[in-house]
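Beneath this line is the structure, given in structure tokens, with notes to follow.
The values are calculated or read from the model by the stated rules, or taken from the named source; none is laboratory data. None of the values given here were measured: they were computed from a predicted structure. Don't worry about glycine lacking a Cβ; one is built from the backbone with ideal geometry, like all the others, and counts go over all protein chains shown.
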Amino acid sequence: MIPNFAAVPLRDCPAESTAIDPSTGGSSSDVPLTPPNESVSQAASAIETDESISIRSIYTADDLVGLDHLDSLPGAVPFLRGPHQTMYRERPWTIRQYAGFSTAEDSNAFFRRNVAAGQRGLSVAFDLATHRGYDSDHPRVAGDVGMAGVAIDSIEDMRILFQDIPLDKMSVSMTMNGAVLPIMAMYLVAAEEQGVQASQLMGTIQNDILKEFLVRNTYIYPPEASMRIVADILHYTTERMPRFNSISISGYHMQEAGATADLELAYTLSDGLEYIRAGVNAGLHVDQFCPRFSFFWGVGMDYFMEVAKLRAARLMWAEIVKTFGPNNPKSMCLRAHCQTSGYSLVAQDVYNNAMRTCIEAMAATHGHTQSLHTNAIDEAFALPSDFSARIARNTQLFLQHETDTCKVVDAWGGSYFVERLTRDLVARAQTHIDEIEAAGGMTKAIQLGIPRQRIEQAATRAQMNVESGATAVIGLNRYCLPSQDEFRVRKIDNAAVLQNQVDRLQRLRAERDPVELQQSLAALRHAASGSQTNLLACAVDAARARATVGEISDALESVYGRYSAPARVVRGIYSSGAKHGDDFSAARQRVAEYTNAAGQAPRILVAKMGQDGHDRGQKVIASALADVGFDVEIGPLFQTAEETADAAIKQNVQMIGVSSLTANHLTLVPKLRAELVRRGHSRMMIVVGGVVPPQDHEVLYEAGATAIFGPGTKIADAASVLIEQLESSLADVPHTRADANPVSR
């Protein structure tokens with residue numbers, strides 16, 4: 001999905017376009033042609049990518065000199081040309097649509113419909129309360145229950161989720177990291193109840209906690225304790241689940257957080273290297289678990305770069321694993337799942353997103369993914385509807401059945417450009433891996449803040465490039481057309497979902513054996529305290545005793561504690577690229593004038609409420625506003641409305657910027673306003689940004705919001721609107737609504 005709080009800025013666009021020149025935006029008759037006498041040297045001038053790789057317009061056989069992988073074959077080490085000998089000719093990639101719809105009942109119905117329509121694998125999206133190890137009735141998560149995935153509180157929910165889905169025949173992928181122990185345990189018990197043994201289960205558990213500390217932030221415990229959990233799951237699945245992938249090492253969320261291809265490649269492989277070390281330290285040989293590792297990559301709009309990234313990943317992974325002395329070649333084979341980019345989707349002219357997703361899906365398949373999720377066109381501002389999900393799924397069916405994608409094993413093998421780009425990307429990524437290794441490996445590098453800082457810098461540069469027009473986004477900063485009719489979006493009744501979950505939890509707690517429950521939780525705490533007993537085995541016993549996700553998580557938290565990452569603002573990057581733009585200069589001048597008149601810079605707290613850990617938008621908007629001249633406080637993640645109001649009052653800010661990505665704004669913004677009023681700070685303004693459907697605007701205004709910045713808002717425009725609001729406050733003029741969402745303008 002689009003990042004939070006004015007995450008992708010909008011260039012001023014003409015209201016209408018006719019025939020357009022790709023280079024100038026003028027009439028197609030004005031397209032400049034390359035002069036026939038243009039020299040090769042002129043044509044070969046280089047363009048530098050965001051990965052600091054020089055791209056020339058002409059590549060020749062000379063670019064292949066020194067590349068030692070050209071004679072390799074698909075299905076053979078180093079697997080650069082594909083992990084399997086016949087690739088899609090024998091078996092196309094798995095269509096695996098990632099989904100979770102509020103309740104286990106709704107999600108189960110969706111899964112069964114998709115299986116009937118040709119989907120061969122299930123990918124489960126859990127809500128944020130579940131990710132963070134809270135039961136649905138916990139006071140911190142009221143606004144998040146069922147809003148961005150399915151709520152799973154206990155074995156009762158898990159049983160319903162997979163009802164009439166034979167778990168011995170269906171591959172199941174679960175994106176879960178923080179609360180991985182209770183979720184994995186409940187999946188195993190649900191299978192038991194179907195009569196399916198652990199050895200029969202197929203699928204993947206993400207179990208990639210290092211990525212959470214880097215970007216996505218749905219961690220629970222500190223890094224060292226979290227790595228103990230990873231190792232125990234690795235050990236359990238190696239011994240008992242030979243068909244199940246114990247880790248899906250994810251670069252996708254790094255790309256969505258702003259990482260360039262070289263950073264995504266390097267940090268994902270560095271995470272994998274850390275997990276190999278964890279397995280070896282747990283007493284396993286690399287051949288016992290590495291063949292069941294899988295990887296999860298984001299695929300964006302730089303088609304050739306994405307193809308090269310997947311090829312480079314297989315080459316580099318083979319070299320990394322080789323250092324551990326594998327005897328089985330499959331240990332060195334990188335198998336991949338891919339998902340098209342959410343960040344590339346825009347809320348303006350949303351039907352164009354179908355083309356973006358198709359291009360990205362082509363890159364994933366031409367780079368040899370083993371399974372693929374294609375995003376829906378409306379995910380720029382809402383959860384996908386059935387209408388849009390069908391288009392997304394059918395995109396893959398078209399590629400499999402109506403194109404020649406599956407007819408050749410390695411279409412880009414030997415390409416002058418793609419092979420050279422692959423090599424150059426390997427070289428760039430290796431510099432980042434070397435930096436991580438010099439810090440002592442990924443766990444220590446995370447504690448030092450190295451990878452997070454690099455990604456945040458890249459995200460801020462990307463923001464600046466879109467706003468300046470250096471990066472073209474059709475319909476957003478070039479070739480803009482009038483907005484189409486309002487797009488119908490999926491609405492979630494948070495109150496109804498929450499009540500359903502609370503009722504089920506109450507029944508569960510009344511019916512289970514409390515003695516058996518407490519014994520199982522005590523055994524889990526003992527294992528976490530230093531016992532060599534496997535944590536997943538203990539969690540399975542607790543799930544059988546009908547312990548909830550929250551109770552299992554609390555038992556571990558009582559030993560490990562709950563981790564909190566520091567928040568900081570990257571300064572100077574946004575202004576370094578945007579300072580030549582008139583709009584940026586005008587915004588900065590206006591802020592300076594306000595500061596002179598008021599005697600202090602405008603003060604804003606950029607806050608994240610609820611359990612959403614996606615903080616790219618929060619960080620980027622905070623950094624940009626600081627560069628414009630605001631005095632910015634950035635709040636920690638996972639705050640309640642009460643905690644946010646507390647922080648705003650203590651820090652003496654004039655306004656709170658609420659960054660929302662997962663539709664919890666309808667619950668939490670009214671709570672925040674009520675808290676400010678209750679504490680006597682009714683004049684403190686609330687502005688809202690991020691994934692906010694136009695249909696929600698009136699509700700938010702009635703709840704006390706004074707400005708709304710939807711996807712596509714330009715940061716300079718947002719800054720000017722905020723100053724207008726503050727000037728009205730200085731003049732004691734009642735606040736007026738300010739809607740900076742170009743969709744509804």
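Residues are listed down the side, and each one gets a yes or a no for (1) at pLDDT below 90; (2) over 30 Å from A354 (Cβ atoms); (3) among the small types (G, A, S); (4) not in a helix (DSSP H, G or I):
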{"position": "A382", "(1), (2), (3), (4)": "yes, no, yes, yes"}
{"position": "Q400", "(1), (2), (3), (4)": "no, no, no, no"}
{"position": "T405", "(1), (2), (3), (4)": "no, no, no, yes"}
{"position": "A445", "(1), (2), (3), (4)": "no, yes, yes, no"}
{"position": "R452", "(1), (2), (3), (4)": "yes, yes, no, no"}
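Just wondering, is there one or more residues in segment 276-295 that are more than 18 Å from H235 (Cβ to Cβ) and either crowded, with 24+ Cβ neighbours inside 10 Å or not assigned by TED's automatic domain parsing to the domain that holds L214 (or both)? Yes: one or more hits. When the residues of segment 300-326 are filtered to those that are of a type in the set (F, W, Y) and under 27 Å from V280 (Cβ atoms), which remaining residue is farthest from the chain's Cα centre (by Cα)? Going through the qualifying residues, I end up with F324.
Considering E192, E224, E239, the condition of being more than 23 Å from G283 (Cβ to Cβ), out of contact with any Pro (no Cβ under 8 Å at 6 or more places or on another chain) and not basic (K, R) is satisfied by E192 alone.
Of all residue pairs spaced 6 or more apart or on separate chains, those with beta-carbon atoms under 9 Å, a first member in segment 586-609 that is closer than 14 Å to A716 by Cα and a second member that is of a type in the set (K, R) are R588/K579. Can you find a residue that is in contact with a Lys or Arg (Cβ under 8 Å, 6 or more places away or on another chain), touching a residue at least 40 places away in the same chain (Cβ under 8 Å) and aromatic (F, W, Y) anywhere in segment 120-134? Yes, segment 120-134 has at least one match. The residue pairs whose first member lies in segment 525-542 and is at positive phi, whose second member is modelled with pLDDT under 95 and surrounded by 23 or more Cβ atoms within 10 Å (Cβ to Cβ), and whose beta carbons are closer than 6 Å, counting only pairs six or more residues apart or on different chains, do not exist in this structure. Going by the structure shown, is I320 in the same structural domain as L234 (by TED's automatic domain parsing), surrounded by fewer than 21 Cβ atoms within 10 Å (Cβ to Cβ) and within 30 Å of V692 (Cβ to Cβ)? No; evaluated as a whole, the condition is false for this residue.
Scanning segment 666-691 for residues that are in contact with a Leu (Cβ under 7 Å, 6 or more places away or on another chain) and crowded, with 19+ Cβ neighbours inside 10 Å gives V669, M684, I686, V687, V688, G690, V691. Taking the listed residues A363, A392, the one that is part of a helix (DSSP H, G or I), touching a strand residue (DSSP E or B) at 6+ places or on another chain (Cβ under 7 Å) and crowded, with 18+ Cβ neighbours inside 10 Å is A363, with no other qualifying. Could you tell me whether any residue of segment 579-602 is surrounded by fewer than 16 Cβ atoms within 10 Å (Cβ to Cβ), assigned to a helix (DSSP H, G or I), of a type in the set (D, E, K, R) and in the same structural domain as D717 (by TED's automatic domain parsing)? The answer is yes, given that some residue of segment 579-602 is surrounded by fewer than 16 Cβ atoms within 10 Å (Cβ to Cβ), assigned to a helix (DSSP H, G or I), of a type in the set (D, E, K, R) and in the same structural domain as D717 (by TED's automatic domain parsing).
Rundown of residues vs (1) free of Cβ contacts under 8 Å to residues at least 60 places away in the same chain; (2) over 19 Å from T260 (Cα atoms), yes/no style:
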| position | (1), (2) |
| --- | --- |
| L315 | no, no |
| H337 | no, no |
| L372 | no, yes |
| A376 | yes, yes |
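Take the conditions (1) more than 17 Å from the chain's Cα centre (by Cα); (2) among the aliphatic types (A, V, I, L, M); (3) assigned to a strand (DSSP E or B); L372 misses just one of them, which is (1). Within the option set A117, A142, A148, being touching a residue at least 24 places away in the same chain (Cβ under 8 Å) and crowded, with 24+ Cβ neighbours inside 10 Å holds for one residue only, A148. Residue pairs whose Cβ atoms lie under 6 Å apart, separated by 6 or more positions or on different chains, with the first residue in segment 458-476 and without any contact (Cβ under 8 Å) to a residue 12 or more places away in the chain and the second surrounded by fewer than 20 Cβ atoms within 10 Å (Cβ to Cβ), are T471/N465; A472/R478. Applying the criterion of being acidic (D, E) and either part of a helix (DSSP H, G or I) or surrounded by 24 or more Cβ atoms within 10 Å (Cβ to Cβ) (or both) to the residues of segment 603-635, the residue that is modelled with the highest pLDDT is D627.
Total residues in segment 673-705 satisfying the condition of being closer than 25 Å to L476 by Cβ and touching a Ser or Thr at 6+ places or on another chain (Cβ under 8 Å): the figure is 8. Of all the residues in segment 669-687, those that are assigned to a helix (DSSP H, G or I) and within 14 Å of A703 (Cβ to Cβ) number 9. Considering every residue within segment 408-419, establish whether at least one is surrounded by 19 or more Cβ atoms within 10 Å (Cβ to Cβ) and in a helix (DSSP H, G or I). The answer is yes, given that some residue of segment 408-419 is surrounded by 19 or more Cβ atoms within 10 Å (Cβ to Cβ) and in a helix (DSSP H, G or I).
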